[in-house]
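Q: Below is the structure I would like to discuss, written out as structure tokens.
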Amino acid sequence: MSGDQPDQSIEQQAATNLWLLAFVALLGAWLVFAPSTLGYGDPGEATAAVGETTSTRQLSPIATRGQWMTWSDMASGIALMAFAALSLDARRYWSRWAACLVGVWLMFAPLVFWAPDEAAYLNGVLVGALVVALTVLIPEMPGMPAIMKPGPERPPGWSYNPSSWLQRTPVIALGWLGFFFARLMAAYQFGYIDNLWDPFFGDGTEQILDSDISMAWPVSDAGLGVFAYTLEALMGYMGGTDRWRTMPWMVTFFGFLVIPLSGVSIFLIMMQPVSVGTWSTYALVTAAAMLVMIPLTLDEVAAMVQFVVRKRREGAGIWHTFWFGGTVEGGGADDRSPRYPATVGAAAQASVWGMTMPPTLLASAAVGIWLMAAPAVLGTAGGAADSDHIIGALVVCIAVVAMAEIGRTLRLLDVGFGAWLIVAPLVVEGGSPAYTVSSLACGAALVALSLPRGAVRERYGTLDRLVR
């Protein structure tokens, strides 16, 4: 594509999506007037300082935070109007991506500047999400060179399409679930609410959010969760049902948000009883949501990696394939996924293709849950309690992730955790006879439960040999 001769399809796309640009410009104007309209642009009107409930966190005066938010929102609004105008020229397709980055910044700015009130915080998150949706979600692959060739929806050798909308639906839903619970915790950390009721652990959520570990973050860790969940949910909407081959870059970033970042977050949440001495119902709900998202995402990431490797062997450049995708021989149409309107049962079943729950993995997860609860039940303390808390959390995580057939081999990691539980009574302190019996029984059970592979119902092409 030359600079003077934009691709015809891009011109058509630009003409079709003019209303989106108009809406982006309108959101820019909204941001310019928002600080004075919503009140955070007049620091003199501010009342209580953000962070009163988290007094150990060092925050700048509320007037300063209001000023920074004002300048950020107004500058972002002007930038959005400018990029929307530039996007009218199909040759400046980069401007829509620039507007998308402004949207991402709008979602993150309230964390950086510790938004002075709820209006400033929600305005940034919601407007930022709308900008991302209008610039890169609704117009599929905006401004990308039209080099794509027709190709299969279902990867070669696969029995289903991991990028179908039904496959993405539970991941998107879990992302929004995490968003709402994280936003609730962020409201407490920012000082918008004075207390946070926990239905099961009393003031456990408040203790965790006020803990030294939480305070060590330069920004609100719950607010950072809101940012990550929003991106995960939005990226779940992006691309078509063949995005495993058309948008490898997006599947990579989506997989990075869901798999390693969620894994780290889950581990930090599960460490709460060790570091703080209590649990949080809301944190556990978000951890469960993140954990289930991982096996639901593994298959699409695996299909994308399989495609990129195959194209590399065929002589295509990795960099070009990563950013622009391509086509591949084999595969076929996604004629297996139920079409709308489909029965609820058929749709639910299709949404979890590639994920099975063998009794052995369910039993392993139950062992892990018992280990997390054992210190409170058995009255253990010290190293024995810490061992059960940590190993129990890891066992649950591995068991759930291994429910993805493409990641079934990961179950063997629980063999190592089982071996540790067998020797733990000999090396940790704070145990008791009851702890010793529990640890030995759980260790032996984990070793036995982790060896069988369990049922595998789907096919994964060349990756079948890895499903052991």
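The values are calculated or read from the model by the stated rules, or taken from the named source; none is laboratory data. As the structure is a computational prediction, the values presented were derived from the model and not from experiment. Ideal geometry is used to build each Cβ from the backbone, glycine not excepted, and the neighbour counts take in all protein chains shown.
Q: Taking the conditions exactly as written (hydrophobic (A, V, I, L, M, F, W, C), farther than 30 Å from residue 331 by Cβ and at pLDDT below 90), does residue 201 satisfy them or not? Step through it out loud before you land on a result.
A: Values: hydrophobic (A, V, I, L, M, F, W, C): yes; farther than 30 Å from residue 331 by Cβ: yes; at pLDDT below 90: yes.
For residue 201, the condition - hydrophobic (A, V, I, L, M, F, W, C), farther than 30 Å from residue 331 by Cβ and at pLDDT below 90 - is met.
Q: From the set of residues in the stretch 431-446 that are among the polar types (S, T, N, Q) and more than 34 Å from the chain's Cα centre (by Cα), which is modelled with the lowest pLDDT?
A: Step one: filter the stretch 431-446 for residues among the polar types (S, T, N, Q), giving 432, 436, 438-439.
From what is left, the residues that are more than 34 Å from the chain's Cα centre (by Cα) are 432, 436, 438.
Details: 432: 88, 436: 93, 438: 94.
Within the stretch 431-446, the match that is modelled with the lowest pLDDT is 432.
Q: Hey, could you check the stretch 375-385 for residues that are under 13 Å from residue 277 (Cα atoms) and assigned to a helix (DSSP H, G or I) and say which is farthest from the chain's Cα centre (by Cα)?
A: Of everything passing the filter in the stretch 375-385, 382 is farthest from the chain's Cα centre (by Cα).
Q: Which condition number in (1) in a helix (DSSP H, G or I); (2) within 23 Å of residue 450 (Cα to Cα) is the one that residue 309 fails?
A: Residue 309 satisfies all of (1) in a helix (DSSP H, G or I); (2) within 23 Å of residue 450 (Cα to Cα) except (2).
Q: Now, a different point. Can we say residue 434 is assigned to a loop (DSSP other than H, G, I, E, B) and outside the structural domain of residue 272 (by TED's automatic domain parsing)? Step through it out loud before you land on a result.
A: On the way: assigned to a loop (DSSP other than H, G, I, E, B): no; outside the structural domain of residue 272 (by TED's automatic domain parsing): yes.
Against the criterion (assigned to a loop (DSSP other than H, G, I, E, B) and outside the structural domain of residue 272 (by TED's automatic domain parsing)), residue 434 does not qualify.
Q: Of the residues 343, 356, 321, 360, only one is modelled with pLDDT under 90 and hydroxyl-bearing (Ser, Thr, Tyr); which?
A: Working: 356 fails: modelled with pLDDT under 90; 321 fails: modelled with pLDDT under 90; 360 fails: modelled with pLDDT under 90.
When all the criteria are applied, what remains is 343.
Q: OK, next. Regarding residue 371, is this residue under 19 Å from residue 416 (Cα atoms), crowded, with 23+ Cβ neighbours inside 10 Å and in contact with a His (Cβ under 9 Å, 6 or more places away or on another chain)?
A: Values: under 19 Å from residue 416 (Cα atoms): yes; crowded, with 23+ Cβ neighbours inside 10 Å: yes; in contact with a His (Cβ under 9 Å, 6 or more places away or on another chain): yes.
The answer is yes for residue 371.
Q: Name every residue in the stretch 412-468 that is crowded, with 21+ Cβ neighbours inside 10 Å and not small (Gly, Ala, Ser), in order of residue number.
A: Within the stretch 412-468, 414, 417, 421, 435, 442, 446, 449, 460 qualify.
Q: Please go through (1) among the aromatic types (Phe, Trp, Tyr); (2) crowded, with 17+ Cβ neighbours inside 10 Å; (3) not assigned by TED's automatic domain parsing to the domain that holds residue 262 for residue 340 and return the number of the only condition it doesn't satisfy.
A: That leaves (2) as the condition not met.
Q: On to the next question. Determine whether residue 372 is part of a helix (DSSP H, G or I) and either assigned by TED's automatic domain parsing to the domain that holds residue 212 or at positive phi (or both).
A: Working: part of a helix (DSSP H, G or I): yes; either assigned by TED's automatic domain parsing to the domain that holds residue 212 or at positive phi (or both): no.
Criteria not met by residue 372.
Q: Taking the conditions exactly as written (part of a helix (DSSP H, G or I) and modelled with pLDDT of 95 or more), does residue 128 satisfy them or not?
A: In short, yes.
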